[in-house]
Amino acid sequence: MSEYLAILAFSPSVRYTFGRFWPLKPGQILRLLIISFFIGAWITSPFPQDLSYGDFSWLSGLSGGGKVMNEASLIGTVMSGFLLILLVYAFFSSIFQFIFVDYLSAKTKELLPSFRARAGMGIRLLGFYLGTILIIGICAVIAITGIAVPVLASQPDNPAAFLIALMYALGGLLILIIPVWILTIITTDFVVPVMIVHTCGIIRGWKIFLQEITGMWDEMGIYLMIKIGIHIGTGIVLGILMVTVMEGLGFSSLLMIPGLSPSHDLLSTAYILPFLVMAVITLMVMTPVVTFLRYYALVFLHLLSEKYSLLPDQNP
């Protein structure tokens with residue numbers, strides 16, 4: 001029976017998700033949208049990656065003479081503010097991972113009490129996320145210095161060779177971060193609910209989960225393949241939907257492809273409005289998907305061990 005746990009968890013997850021969204025309950029759906037927003041289900045990338053310094057007229061106008069230091073200071077201030085916003089968002093995102101489990105487990109119908117109760121666990125999870133970002137940064141340095149830099153040093157006048165080496169470096173980086181990505185998925189889907197059940201930190205949560213999963217890594221592999229397949233399928237549907245909506249509203253669908261869109265002022269409606277449209281579409285589509293995937297993880301965890309029966313009506 002154990003070899004079918006990942007498949008057995010699928011049907012109950014569909015039932016739980018359908019029950020959350022039908023019949024329509026505006027307050028409940030609004031809370032799920034808020035949770036999805038804070039865990040990053042709305043994030044899209046409409047901004048081009050081929051912007052040059054001259055595309056920012058408010059910065060390029062400062063160029064010249066002794067104003068270089070002022071420009072550097074302004075850029076540093078903007079980047080520092082942006083990083084601070086990302087850090088605050090990451091903090092809220094870490095807490096909302098626990099709130100998501102609490103809300104789906106029907107322990108609370110409100111978000112604020114759960115926020116206060118889970119803030120400490122969220123800080124621990126944020127530390128884990130920052131650690132994974134550091135590891136990815138180290139992997140990027142290894143990939144670039146180990147592959148691209150030697151080619152640039154040996155063939156400094158051959159940009160084509162360097163670009164090819166850079167592509168290989170990016171491929172190597174992808175391979176290096178796959179274990180980190182899988183580690184993050186397992187932490188979010190399984191270690192978070194284990195931390196809730198045992199009221200423990202992330203290290204002890206990982207130790208407990210490893211004890212539960214020992215000898216069942218084939219099931220974990222099936223679970224990950226199903227989840228990845230759902231993400232790929234959802235991405236295709238979402239892409240088609242966004243292209244249809246964007247073209248219907250008169251915007252170029254190239255805005256969704258970094259590097260292929262024309263360069264304009266980032267503060268103009270040419271970017272703000274498409275970004276908002278894409279973010280809303282992504283949030284609306286992904287909210288039921290992430291809800292199903294979290295239910296799927298909780299049902300799968302229950303099938304691994306009855307100690308983790310967090311969802312209502314889960315009979316042994």
*Tell me which residues, restricted to region 279-316, are within 21 Å of Leu224 (Cβ to Cβ) and open to solvent by 30 Å² or more (accessible area, probe 1.4 Å).*
Pro288, Leu303
_Of all residues making up region 130-147, the number that are over 21 Å from Ile185 (Cα atoms) and open to solvent by 80 Å² or more (accessible area, probe 1.4 Å)_ = 2
*asked:* Just to be sure before I move on: is Phe162 more than 20 Å from the chain's Cα centre (by Cα) and open to solvent by less than 70 Å² (accessible area, probe 1.4 Å) in the structure I sent?
replied: yes
*Within region 99-129, considering residues that are part of a helix (DSSP H, G or I) and among the basic types (Lys, Arg), the one most open to solvent (accessible area, probe 1.4 Å)*: Arg116
*asked:* Among the residues in region 216-228, are any among the hydroxyl-bearing types (Ser, Thr, Tyr) and either assigned to a loop (DSSP other than H, G, I, E, B) or within 23 Å of Lys307 (Cβ to Cβ) (or both)?
replied: yes
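Just to verify a result, which residue in region 165-181, among those that are among the hydrophobic types (A, V, I, L, M, F, W, C) and out of contact with any helix residue (DSSP H, G or I) (no Cβ under 6 Å at 6 or more places or on another chain), is least open to solvent (accessible area, probe 1.4 Å)?
Out of the qualifying residues, it is Ile178.
Which one of Pro156, Pro150 is open to solvent by 50 Å² or more (accessible area, probe 1.4 Å), more than 20 Å from Val299 (Cβ to Cβ) and outside any helix (DSSP H, G or I)?
Going through Pro156, Pro150 in turn, the sole match is Pro156.
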*asked:* Anything in region 209-227 that is open to solvent by 20 Å² or more (accessible area, probe 1.4 Å) and within 23 Å of Ser94 (Cβ to Cβ)? List them, or say none.
replied: Leu210, Glu212, Leu224, Lys227
_Can you report the number of residues in region 182-200 which are open to solvent by 20 Å² or more (accessible area, probe 1.4 Å) and over 15 Å from the mean Cα position of the chain (by Cα)?_
3
*Could we say that Ile185 is at pLDDT below 90 and assigned to a helix (DSSP H, G or I) here?*
no
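Every residue, every condition in (1) modelled with pLDDT under 85; (2) touching a Phe, Trp or Tyr at 6+ places or on another chain (Cβ under 7 Å); (3) over 23 Å from Ile39 (Cβ atoms), yes or no:
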site: Gly259; (1), (2), (3): yes, no, yes
site: His264; (1), (2), (3): yes, yes, yes
site: Tyr271; (1), (2), (3): yes, yes, yes
site: Ala279; (1), (2), (3): no, yes, no
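The values are calculated or read from the model by the stated rules, or taken from the named source; none is laboratory data. The model shown is predicted, which means the values in this text are computed figures rather than measured ones. Note that we place each Cβ from the backbone using ideal geometry, even for glycine, and neighbour counts take in every protein chain shown. Remember, those area values only see protein heavy atoms, side chains included, never the ligands or the DNA or RNA. Shrake-Rupley method; radii C 1.70, N 1.55, O 1.52, S 1.80 Å.
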